[in-house]
Amino acid sequence: MPSLDLFFQPEIFLVWTATLKTVVILGLVLTMVAYSVWAERKVSAFIQDRVGPNRVGWAGLIQPIADGVKLLLKENFVPGGVNKFFFSIAPSLAMIPAILVLAVLPFGSSLFSVPMVIANLDIGVLWVFAVSSLGVYGIVLAGWASNSKYPFLGGIRSSSQMISYELSLGLSVVPIFMITGTLNLGEIVQYQVDHGWMVFPAWFQSGGGLLEVTTKSGSRFGFDLEQTLLWIPMMISFVIFIIAMFAETNRMPFDLPEAEQELIGGYHTEYSSMRFALFFLGEYAAMIAGAGVIVTLFLGGWSLPFIPDGSQGWFWGLVNIGTFFAKVAAVIFFFLWVRWTLPRFRFDQLMHLGWYVFFEVALVNIFLTAGLLAYLQS
Amino acid sequence: MATTVQRPKLSLLERSYFPAILGGLWITLQHFIKMLLGQTKVTMQYPEQKWDSAMPEWYRGAPTLVKDEHDRERCVACQLCEFICPPRAIAIKPAELPADDQWSKVEKYPEKFDIDMIRCIYCGLCEEVCPEQAIFLRKDYSITGLTRAEMVHDKEKLYELGGVRNGLVHKWNEKK
């Protein structure tokens with residue numbers, strides 16, 4: 001059949017598989033956004049010995065839809081004296097970068113030998129940092145365009161917060177590239193499949209050393225001397241990166257731009273209806289994207305020890321995708337858990353942490369990794 | 001004289017926030033898990049669960065009119081409750097009983113008996129002042145309505161809420 005052949009020509013195949021992947025991932029992630037709002041309310045309630053939403057649907061599971069309908073039906077009020085253009089585009093600017101990050105995340109190994117990543121960029125990590133930093137413009141513009149003091153303070157806080165953590169965020173992942181030798185997120189995951197996760201290097205395909213166990217199927221489990229040494233800078237990177245990610249996504253210990261108690265909601269004080277919802281959902285989308293980046297860089301992406309990848313059949317491909325999203329959900333739970341545990345940092349404390357602690361530690365960490373790599377290769 | 005409060009000296013580990021952060025995370029996790037396992041006592045889920053069984057005998061809820069075991073209305077429209085009611089929630093329109101009625105010796109009955117539940121303060125003075133044991137405060141506390149008119153309990157509604165009460169004094173029965 002000629003019409004079917006057309007679909008399998010390389011270019012056309014690439015176009016329709018990419019479109020399909022985009023649609024599925026977008027649908028999946030937007031559903032996750034809605035349900036992470038539900039999870040936030042439920043987790044906060046459980047931590048505070050409350051019940052949480054339980055009226056709409058079983059255990060409140062239809063609550064996100066009810067929230068959405070309510071927000072859609074509200075009046076989209078624009079206060080007088082705002083800069084209408086920036087006021088209108090700011091919510092989209094907060095939402096879009098978070099979603100764009102998803103394009104380069106490998107959310108699975110492969111399915112029917114189609115790689116499970118929307119865009120397999122060789123500069124994947126650069127894309128992540130370039131795009132996710134744009135999210136701050138939404139907040140700054142919203143704060144400025146609102147023509148109101150509290151949003152303005154929120155916008156100012158957001159921009160100065162960004163310059164204090166962005167450096168350590170970028171520097172903390174440099175050791176990963178030094179070890180893996182690539183900026184491609186898919187290859188970073190593949191490295192972790194071969195050598196163990198960055199935060200837990202306890203299995204490997206090659207090498208050997210401490211405590212080696214070979215299973216019947218031929219996979220080897222144990223501690224590789226080289227990976228165990230490199231585990232030290234990796235843990236430092238992991239801690240700095242995850243803390244910087246909290247600041248990047250405006251999550252609790254660093255949610256200074258919002259600060260309900262101090263700034264009455266900060267940058268989105270003047271917003272209502274769906275524009276407010278876009279800010280609100282954008283924060284959760286950024287959280288999911290951030291969790292995806294953490295999982296990909298440090299927690300082994302879609303890999304689990306002794307689970308084959310998608311080249312062994314579509315079932316394992318689906319297992320890999322499930323693994324990735326399960327890990328993302330676990331990291332999101334950690335985000336929520338931290339939010340309902342820690343109080344907000346004071347503003348000067350955040351700047352102090354960013355400039356005096358994390359920046360230096362991340363910088364030293366790079367030299368530590370370089371020294372270790374030089375020692376191991378000599 | 002001003003005194004200087006000595007700040008406690010923190011060790012490097014304490015200043016790094018990590019012990020405190022991990023301790024806090026541990027506490028919140030315990031609360032979370034206890035709630036998941038259903039070991040935490042939580043608020044009563046109001047519309048499904050109610051206080052009713054725990055309500056004391058003397059609870060002062062909505063005032064109601066009662067009938068006795070002969071299905072005869074107790075109220076003789078003396079209007080004492082209307083006069084004593086502090087917020088003037090009660091409005092009674094007395095009327096003569098027809099002469100051929102079995103209980104015509106009672107002389108009066110309430111043709112209209114309205115209690116405005118927006119005004120009622122549940123003080124119980126109407127029950128206390130009633131010489132006929134006709135008005136009682138019951139345990140109904142959830143009195144709601146969509147309009148003001150709905151919130152005025154008329155005679156029919158009051159008897160429906162009050163129902164029948166046995167063992168009341170029948171002081172008029174002997175004087176036939």
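Each value in this text was obtained by applying a stated rule to the coordinates, not by laboratory testing. Values in this document were obtained by computation on a predicted structure and should not be read as measured data. Neighbour counts run over all protein chains shown; Cβ positions are idealised from the backbone, glycine included.
Principal axis extents of the C-alpha atoms in the range B:56-162 (largest first, rounded to whole Å): 41, 30, 24. Electrostatic bookkeeping for A:T249 treats Lys and Arg as +1 and Asp and Glu as -1; over the other residues with beta carbon under 14 Å from its beta carbon, the sum is -4.
Working from Cα pairs under 8 Å separated by at least six residues, relative contact order for the range B:56-162 is 39 percent. Decide, for the range A:311-377, between rounded, prolate and oblate: order the square roots of the alpha carbon gyration tensor eigenvalues as a ≥ b ≥ c, take rounded if a/c falls under 1.5, and otherwise choose prolate if a/b is larger than b/c, else oblate. Verdict is oblate for the range A:311-377.
Across peptide A:48-56, how many C-beta atoms of other chains are within 10 Å of each residue C-beta, on average? Don't jump to the answer; show the numbers that get you there.
Details: counts 4, 8, 4, 5, 2, 0, 1, 2, 0.
Going residue by residue through A:48-56 and averaging, the value is 3.
How much of the pair distance distribution for the protein assembly as shown lies past 30 Å, counting alpha-carbon pairs only, in percent?
On the way: 100031 of 153181 pairs.
When all Cα pairs of the protein assembly as shown are counted, 65 percent exceed 30 Å.
Computed over the range A:1-139, the Cα gyration tensor eigenvalues convert (square root of 5λ each) into semi-axes of 35, 23, 17 Å, ordered from largest to smallest. Based on DSSP H segments of at least four residues, each scored -39500 (n - 2.57), chain B has a per-residue ellipticity at 222 nm of -6500 deg cm²/dmol. Put in order of Cβ neighbour count within 10 Å, fewest first, the listed residues B:M44, A:M252 become B:M44, A:M252. When peptides A:347-354, A:101-108 are sorted by average Cβ neighbour count within 10 Å, with the highest value leading, the order is A:101-108, A:347-354. Where only DSSP H runs of four or more residues are counted, chain A gives -21000 deg cm²/dmol as its mean residue ellipticity at 222 nm, each run worth -39500 (n - 2.57).
Taking other residues whose beta carbon is less than 9 angstrom from the beta carbon of B:K67, and scoring Lys, Arg as +1 and Asp, Glu as -1, yields -1.
Strictly greater than 15 Å: what percent of every Cα pair in the range A:102-157 meets that?
Numbers: 941 of 1540 pairs.
For the range A:102-157, the share of Cα pairs beyond 15 Å comes to 61 percent.
Shown in residue order for the range A:266-282 are the 3J(HN,Hα) couplings computed by the Karplus curve 6.51 cos²θ - 1.76 cosθ + 1.60 at θ = phi - 60°: x, 4, 9, 4, 8, 8, 9, 6, 6, 5, 4, 4, 4, 4, 5, 6, x Hz (x for Gly and Pro). Take each residue of peptide A:184-190, count the partner chain Cβ atoms within 10 Å of its Cβ, and average: the result is 0. Against chain B, whose longest principal axis is taken from its Cα atoms, helix B:18-36 shows a tilt of about 30°.
Entry for the range B:111-161 at q = 0.23 Å⁻¹: log10 I(q)/I(0) = -1.00, Debye formula applied to identical alpha-carbon scatterers, no solvent contribution. Between the helical axis of A:225-248 and the dominant principal axis of chain A, each derived from Cα atoms, what acute angle in degrees is found, rounded to the nearest 10? With both axes taken from Cα atoms, the answer is about 10 degrees. Sorting the segments B:11-18, B:108-115 by their mean number of nearby beta carbons within 10 angstrom, highest to lowest, gives B:108-115, B:11-18.
Per residue of A:336-343, other chain Cβ atoms within 10 Å of the residue Cβ number 4 on average. Packing, as the average of other Cβ atoms within 10 Å across residues, places the peptides A:358-367, A:72-81, A:35-44, A:55-64 in the order A:35-44, A:358-367, A:55-64, A:72-81, highest first. Straight-line cross-link partners of B:K171 among the lysines, defined as a Cα under 18 Å from its Cα and at least 8 positions apart when in the same chain: B:K67, B:K105, B:K108. Axis of helix A:185-195 versus longest Cα principal axis of chain A: the two differ by about 40°, to the nearest ten degrees. When each of B:Y141, A:Y165, A:Y191, A:Y375 is scored by the number of other beta-carbon atoms lying within 10 Å, the sequence from fewest to most is A:Y375, B:Y141, A:Y191, A:Y165.
Ranked by Cβ crowding within 10 angstrom, fewest neighbours first, how are B:M1, B:M117 ordered? Intermediate results must be reported in sequence, preceding the final value.
Details: B:M1 2, B:M117 20.
So the ranking, lowest neighbour count to highest, is B:M1, B:M117.
The three principal axes of the C-alpha atoms in the range A:76-377 carry coordinate ranges of 71, 44, 33 Å, sorted with the longest axis first.
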